[in-house]
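For reference, the structure is listed below as structure tokens.
Computed from the coordinates by the stated procedures, all read-outs in this text should not be read as laboratory data. Note that the coordinates shown come from a computational prediction; the quantities given were computed from them, not determined experimentally. Every residue, glycine among them, receives a Cβ derived from its backbone with ideal geometry; neighbour counts consider all protein chains shown.
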């Protein structure tokens, strides 16, 4: 079958974007309000990245914050970057700007303390943002290769339909993309627990399989070290009402979405750059927004998010496509959803036909079609943290 | 629409695609059985007798261990199945955290 054409943005560093945002990134929580006001003044390109971190963090958390923000600055869905600094924080504004410049895109920095307060920094920020956004308006989409796409596969608000309909449909899309030379990324380590044998058997090297097992054992060990039972959160109360009994059951249903035959080619840390074609597993928590934030940081340009109960999650720079296999949710949460694949369960549609529709939706969204989350302004962003704020 | 779906031939449970009343007879490819208690939509029903301590199998893999004897046609959920994973509450060394790895990962592809 001939591959459909995707229209995206070719970046100077060779990566490919499916959106062309002006990223307005605060270095620290204290700069988040200014960043949001500046981004809001330059629609539709302005995308703020408000977050709760950037100071008072120790070693590994500071590293995660820095690397995640830098990854967004270098992300191919971003055409230009404006860093809003405070002036006394831990995150280094120059590090973020350099990440964008290394990827060949313009980046500027404004510091609230040196501008002389919120009003002046906001005004100056809008002035700079307007100039950067105007330059982005001149960029045109061009035909790109499917092999340059990294698809984030995600599920949330799962119920019994997720593992039976939406995740298998998404898995077929992942298979097809990887067959075309592209990449899929799967996170949520706790939700691989109980299904890791299926992924490890597809590892392209013993080391990759061993790293997957190692991080799953770490997550399981963390619950053990706390003396806690992971069942308090996995499956969630909503999952259990929906008929999911154990984390193993949830995982087996969830892992389908990474494809049926995709080779497990890499295991990367949170927000770590995804570089190998095939299936990558990223070390993320199960919390939806933290998980999507990390996988987009790793380079995923587009997200397909399956849901049984319905959920609104979006992302500031990557389109998030929502699909459900639950016919009731398709009606009750219609404004949050892009695709209804519930026909798989009542024989109105085959799994292959649903997967074909989803594949077409992914292509269309990558070429510019807006998702429900984008239309509704869902731009959730949360950087994973492992330790207390000091 | 099928009343319930069995995913793998190894499974000892089916998933109800609609609410099932007690007494209803299900003629599934995998088994013919009578529903012995109400099964909510999306919940699982035992295809055959599962004894306490035996694995409950769905998607062809273990999803946990039965904590009580389960009759064919009975509701299978948190009241009679326990997860074997992430169980810090069972104390250090009470269970192996080594995942069930059937085969070592292969090279290639």
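Using Cβ counts within 10 Å as a stand-in for footprinting exposure, how do B:59, A:95 rank, fewest first?
A:95, B:59
Along the Cα-to-C-beta direction of residue A:180, a point sits 7 Å from the Cα; which residues of region A:243-257 have their amide N less than 19 Å from that point?
Hits in region A:243-257 for residue A:180 at 19 Å: A:257.
Using the Cα gyration tensor of region A:47-186, with a ≥ b ≥ c the square roots of its eigenvalues, what is the shape: rounded (a/c below 1.5), prolate (a/b larger than b/c) or oblate (neither)?
Working: a/c = 2.48, a/b = 1.67, b/c = 1.49.
Prolate shape, in that a/c is at least 1.5 and a/b is the bigger ratio.
Got the relative contact order for region A:1-152 handy, in percent, Cα pairs under 8 Å and 6 or more residues apart? Each step should come with its number before you reach the end.
Working: 311 pairs, mean separation 47.4, N = 152.
Rounded, it is 31 percent for region A:1-152.
Using Cα-Cα distances under 8 Å and only pairs 6 or more residues apart, what relative contact order does chain A have, in percent?
20
When the Cα centres of region B:45-66 and region A:97-126 are compared, how far apart do they sit, in Å?
58
Would you mind getting the Kirkwood hydrodynamic radius of the protein assembly as shown from its Cα pairs, rounded to one decimal in Å?
23.5
What's the center-to-center distance, using Cα atoms, between region A:317-390 and region A:1-46 in Å?
Rounded to whole Å, the Cα centres lie 20 Å apart.
Rounded if a/c is under 1.5, else prolate if a/b beats b/c, else oblate: with a ≥ b ≥ c from the C-alpha gyration tensor eigenvalues square-rooted, which is region A:64-145?
Since a/c reaches 1.5 but b/c is at least a/b, the shape of region A:64-145 is classed as oblate.
If you line up the long axis of helix A:351-366 against the longest principal axis of chain A, both from Cα atoms, how many degrees apart are they, to the nearest 10?
It is inclined by approximately 10 degrees.
If each DSSP helix of 4+ residues adds -39,500 (n - 2.57) and the sum is divided by the residues in the protein assembly as shown, what number results at 222 nm, nearest 500 deg cm²/dmol?
The helix-only estimate for the protein assembly as shown comes to -9000 deg cm²/dmol at 222 nm.
Which whole-angstrom value gives the distance between the alpha carbon centres of region A:269-300 and region A:61-81?
Result: 13 Å between the Cα centres.
Over region A:146-376, what relative contact order in percent results from Cα pairs under 8 Å that are six or more residues apart?
Working: 503 pairs, mean separation 66.6, N = 231.
Taking the mean separation of contacting Cα pairs over the length of region A:146-376, I get 29 percent.
Order by neighbour count: A:313, A:371, A:389, A:130, fewest other Cβ atoms within 10 Å first, most last.
A:389, A:130, A:313, A:371
For chain A, find the longest principal axis of its Cα atoms and tell me its angle to the long axis of helix A:167-179, 0 to 90°, nearest 10.
Helix A:167-179 and the main axis of chain A meet at about 70 degrees.
In degrees, nearest 10, range 0 to 90: what is the angle between the Cα axis of helix A:288-297 and the longest Cα principal axis of chain A?
Approximately 70 degrees, to the nearest 10.
At residue B:9 and residue A:350, where each label point lies 7 Å from the Cα along Cα→Cβ, what is the point-to-point distance in nanometres?
Placing both labels 7 Å beyond Cα along the Cβ direction yields 2.1 nm.
So how far apart, in nm, are the two label points at residue A:118 and residue A:137 if each is 7 Å from Cα heading toward Cβ?
2.9
For B:27, A:98, A:159, what's the fewest-to-most ordering of other Cβ within 10 Å of each Cβ?
By the 10 Å Cβ count, ascending: B:27, A:98, A:159.
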